[in-house]
Each structure stands twice: as C-alpha cells, then as structure tokens.
Amino acid sequence: MVIPKQKVLTMSAEFNPQFKKIGEILIHEGKISESDLEKTLSSQRNSSDKLGTLLVKAGYITEDELIQVYSLQLGYKSVSEDELFKADPEAVRLIPEDFAMQNRILALRKNGGSLIVAMEDPENLIGVDALKRHTDLNPEIYVAPPSALAKALKEIYGKIQKSGEVEEAIEGIRVISGDEDHQEEVDLSPDKASSEDAPIVKLVNLILQEAIKERATDIHIEPQQDSVEVRIRIDGVLQMIMTPPKSSLSGLVTRIKILSKLNIAERRLSQDGRFGIKTTTKDIDVRVSILPTIHGEKVVMRLLDKSGFDFNLSSLGFEKDMYHIFRKVIAQPYGMVMVSGPTGSGKSTSLYASLKEIKNVTTNITTVEDPVEYQLGGINQVQVNDDIGLTFASTLRSILRQDPDILLIGEIRDAETADIAVKFSLTGHLVFSTVHANDAASTITRLLDIGLKPFLVGSCVNLVMAQRLVRRICENCKEEYTPDTEIMELLGKDVDVLKGKKLVHGKGCNNCRDTGYLGRIGIFELIALSRDLRQMVFENASEDDIRAQAVKEGMITLRNSGIRKVDDGITTVEEVLRSTVSES
C-alpha cells in the first residue's frame, strides 16, 4: 500500500527551516499549537524518544508530516512505502540484518561509490558513520516513515534469509526414488535436466526444500480452475507458499510421478508411491498420493523425518499430575495402553516416547507399524506390507514366537488385530496401541464397536488416553493481550478459570511466518481404569456414564487440559477452541 500523499509543507522567504527546531517549524505551519508542543516537551523528560516520535504517538501530526519536516529542516529527500519495497536485494545484502534493524537503515540501491539508503532518523550520525566504515560507500540518505520502514525491513530481510537457506539446502539434497527393494538415487540439480524440464525440476526442489525448512508434515499441490495452489501443513495448519501457473501442473505431477516410480501415463486413477530425501542433516521418507480431480491431478506428499527421535515423555506437554499417572501405568508388566485421536494428533509420538522411557537391556520390545515413522535404537520395528501378505494380524502371530515382553501395534483396525492384542496382554505382555476416537471415554466404546467383548476390555485395558496437538505461542513475539469477548464466551463455563488472568499471544514475526505460533504441544485426557470403571465396562455402561465417572475420579478433560496451557502462557484460547469441544 502506498502511503497517501499529504499536503506538502511550504515555507515563506522570511522563515528559514534549516535554522529552526522541529517544534518551531510545525507551529509555523499550523500543524500543532504551542500548547501541544509544551505538553509533548514535558512528556519527553520521562522518555528516551525524540520529540517528533512523541508528537506522532500523541496524534498531533502524522508520520508523513514528520518526514516532510525532516526534509525541510535537514535537506533530505523523503521516500514512499512503495519505493521501500522496490529496494534492490543486492544492495540490501550490503548491510547486515542486525545492523539494519538496530539502526533502522534500509539500502535501496547502489549508485557508483554511493549507497542510497532510507532511514527513520537521519540524525543518527553514529549509525551513518558505522555504515560508511562497513560498506566503504558514501551514504546518500532518504527519510522514510517509521512504520513503513519497519515493515519493509522485516519483509525484505525475511525473503533474503529464506532464499539463501533454500539455495544452500538444494545443493545438499539427494532423492532416493522408488521402494525399498528397488532404490535409485536421483540427481535433483536443474543443470542435470534438459533445458525444457529444468524449470520444473527447480520448482519441485523449491517446494520440497521450503517444506523441509519450515518443518512441514505435508505438501498439497492442488489444481484450481485457473491456477495451482501449493500449501504446506505447518504445526497442523495449512499455509499457502506459492501459486504457480496452471501450465506448470502437468510438469509438476509428472516429475513427482517419476520420483515415486508411478505410471506417468495414467491420469484417471488414484496412485500411491514413495521416495526418499537425504540432506546433510535429515533423512526423510516421502509418501505420495495422487488423486484425479475435475481440474487435474492433486498431489499430497507426507514427509516423515526418519533421521531420529528426540522426544521424551516430559517434553510432550503432560501436566505433572498426568505425567505421574501415565508413567506409573506404562511401568506395569502387562495390560494394554490405548491412545486415541484423529490423524496427526501425535499418537505415534506419544507411544514412541513411552517406549523410549521404559526400554532397557532386560526387555524385548517389538513394534508392528504402517509405516515406521521413526527408527528407535534397541527396538525391533516391523513395517507391514499388505501387498505381500505382511499384515498386522500375520505379523503379530509371528511375533508370538519371538519371545516379546512389550509390543507396540501401530493401530488396531479390525477385530482380528484387536483379539490378538488382547491375548498378548492377558498372557503377561505390555501392549501399546492406537485407535481413532474422539476422547478417552469413546476409546473404550470404540474397542467394543470393533468387536471385543466387554469383559475382555475391562480386564486387559489399564489406561486410555485421548490427545490433541495445539500450537505453541512463538517465544520471539509473545506479548500480553485481551482476547475478544466473543471468543471468551465460546469457552462457556470453562472461562471462569481464566478470569482476571493476563493472557498472551504471538503478534507475528519472521520466526513464525507471522502466525504467532511456533511448534506444537500436546493436551491430554487420561482414564486409568479403577475398579469402579472396570465394573462399568463389564456391565456395558454407556460412554456418557463412563465419562461422568472418570470426571468424578479426577479426570482432566481435553478442554481443561488446553485451558491449563492457556493459563501457563503456552497456547491461546483460539487454539484450544480449534482443537477441543465443550464438555457441558
């Protein structure tokens, strides 16, 4: 947005602004009164801000009027917001970001031995001298509106930083194409492709590297009627990263099909494939799904970082009381621990952290997963393959002969798998698994729906846990705020916990892509089955009755677990509302 032009200040021949103070110039032009100036000078005694800045803050003058006064008083030209965003990136790179931010200086362009720069305060002589020493160029100073300059500095340096990281990352990327039995390393360098294909190769590289750099879990390439939208899922939320032209869709899909060893001629049917990415720091498995839509083929790529697992129970987000309950249950020698939640809610991460907590040289731990998301040392991990008959059920029967102590089943999907898991737990083994359910109480009824008998569920299940992931407030831009009344009202009776509390949110910065959030943390709902609860399961009690009894015994609901995180300044009310439902 270009700053609207203000009426230019003009001076009479008798009044020379170069020999006057800013306050005198503004009074002469009728922009402020002597009373306004006196009030501002009085407040300046308790402030480190300059007079012009205080006049703007007080609303006596606009930023444009202040810039015009500087121009008249000091002889500097002014620059508009639109001109700031047209700064030459090569010139911008001449000034280190830290120095530019600290001194509010943005290089616009280089002109021979001069460097044309925009400044908020042209009287910052120390900054100007330091700039001369650093660049060996003579600064030609323009004056810029403070807010416009701050916005331009943030955006321009952010783009430079990202482009540099992407280019550096592309140099070190290798792709392993195809499945595990027929792998082939593919060179992603554009110079290795034909001149016709090079732009598409570079575009695929940029998409992959932007996703990796931003810690994305999924990439969506979505054809629209007149364009292509590329979105990545960061901290559970999709964000747009680019909109290439519709003409690029065919090339993008073909390139990804080639990497995934899929049929490039088939465009009418869904296809699934995979390939791997190796960088200097990461080893990533990419699962590819292609779906024909009315506007063309849509591609979704799920990124699984297999380079290592660095979570533990204490870092997942358990409250102290929940942590002690969960840690006590997983230390038991037999029984079942069930974790529920939708796709992408962190179930596998919680189970891996549990295994990491209890593994030792005296126990044999085996997992059956689809797919193996993280590779854990000291644990036997099996990845099922339905195409060759290596199913959950067949693998579990084989594991019975492998002398296991602890078993992790990636997901209980059917009655056969559930029956084998129950038999494991009833014969002295500790079993971890997941199901898709909305909360802890419905996890129990979900097991009954799959086909397990109530007496088996009541006998073998030690704990059920529902979980969600909420976004963490970015620590770099965290600030106190007052949430909208309407938002708070949506919490219903739960809002009482937060009354009178100081709440925080992220205002947005380069670190968090201006979202105010960076990273995620879990919120949990635990039911450790007591004698009373087991008896209710035996009697096939309703989901509501089980939930009511669990709350009576002290269960913290998902909603209340989230509110605890809000109270601790970890997440926001909006995130809790997005991830949970009211219990009333």
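Residue-by-condition table, conditions (1) of a type in the set (Gly, Ala, Ser); (2) under 17 Å from Asp305 (Cα atoms); (3) in contact with an Asp or Glu (Cβ under 7 Å, 6 or more places away or on another chain):
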residue: Glu222; (1), (2), (3): no, no, yes
residue: Ile232; (1), (2), (3): no, yes, yes
residue: Gly236; (1), (2), (3): yes, yes, no
residue: Ser248; (1), (2), (3): yes, no, no
residue: Ile258; (1), (2), (3): no, no, no
I'd like to verify a number: residues in the range 449-486 that are hydroxyl-bearing (Ser, Thr, Tyr) and part of a strand (DSSP E or B), how many? 1
Which condition number in (1) over 26 Å from Thr417 (Cα atoms); (2) open to solvent by less than 20 Å² (accessible area, probe 1.4 Å) is the one that Ser354 fails? (1)
Of everything in the range 416-432, what is under 11 Å from Val461 (Cα atoms) and not in a helix (DSSP H, G or I)? Give them in sequence order. Leu430, Val431, Phe432
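Considering each of Gly500, Gly508 in turn, give the residue that is modelled with pLDDT under 90, surrounded by fewer than 23 Cβ atoms within 10 Å (Cβ to Cβ) and within 30 Å of His324 (Cβ to Cβ).
Checking each option against the conditions leaves just Gly500.
Mind telling me which of the residues Leu313, Leu304 ends up being surrounded by fewer than 19 Cβ atoms within 10 Å (Cβ to Cβ) and touching a Phe, Trp or Tyr at 6+ places or on another chain (Cβ under 7 Å)?
Leu313
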Restricted to the range 199-219 and to residues being within 17 Å of Gly251 (Cα to Cα) and open to solvent by less than 20 Å² (accessible area, probe 1.4 Å), the residue nearest to the chain's Cα centre (by Cα) is Ile219
Based on this model, can you work out whether Glu373 counts as among the acidic types (Asp, Glu), farther than 25 Å from Asp449 by Cβ, assigned to a loop (DSSP other than H, G, I, E, B) and open to solvent by 40 Å² or more (accessible area, probe 1.4 Å)? yes
In the range 292-341, what residues are more than 20 Å from Met555 (Cα to Cα) and of a type in the set (S, T, N, Q)? Thr293, Ser307, Asn312, Ser315, Gln332
Listed residues Lys132, Lys151; which is closer than 27 Å to Leu55 by Cα and open to solvent by 10 Å² or more (accessible area, probe 1.4 Å)? Lys151
Counted residues in the range 439-477 being surrounded by fewer than 17 Cβ atoms within 10 Å (Cβ to Cβ) and more than 17 Å from Phe538 (Cα to Cα) come to 2
Determine which single condition Met555 fails, assuming it passes every other condition in (1) open to solvent by less than 10 Å² (accessible area, probe 1.4 Å); (2) at pLDDT 90 or above; (3) closer than 24 Å to Ser315 by Cβ. (1)
Which of the helices (runs of 4 or more DSSP H) contained wholly in the range 1-92 include at least 3 residues that are modelled with pLDDT under 70 and either acidic (Asp, Glu) or surrounded by 14 or more Cβ atoms within 10 Å (Cβ to Cβ) (or both)? 63-74
Across the range 393-415, which residue is nearest to Leu447 (Cα to Cα) among those that are open to solvent by 70 Å² or more (accessible area, probe 1.4 Å) and in a helix (DSSP H, G or I)? Arg397
Could you please find all residues in the range 128-148 being part of a helix (DSSP H, G or I) and of a type outside the set (A, V, I, L, M)? Asp129, Lys132, Arg133, His134, Thr135, Pro146, Ser147
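The values are calculated or read from the model by the stated rules, or taken from the named source; none is laboratory data. Source: prediction; values computed, not measured. Every residue, glycine as well, gets a Cβ built from its backbone with ideal geometry; the counts of neighbours run over all protein chains shown. Note: areas computed on protein heavy atoms with side chains; ligands, DNA, RNA excluded. Shrake-Rupley method; radii C 1.70, N 1.55, O 1.52, S 1.80 Å.
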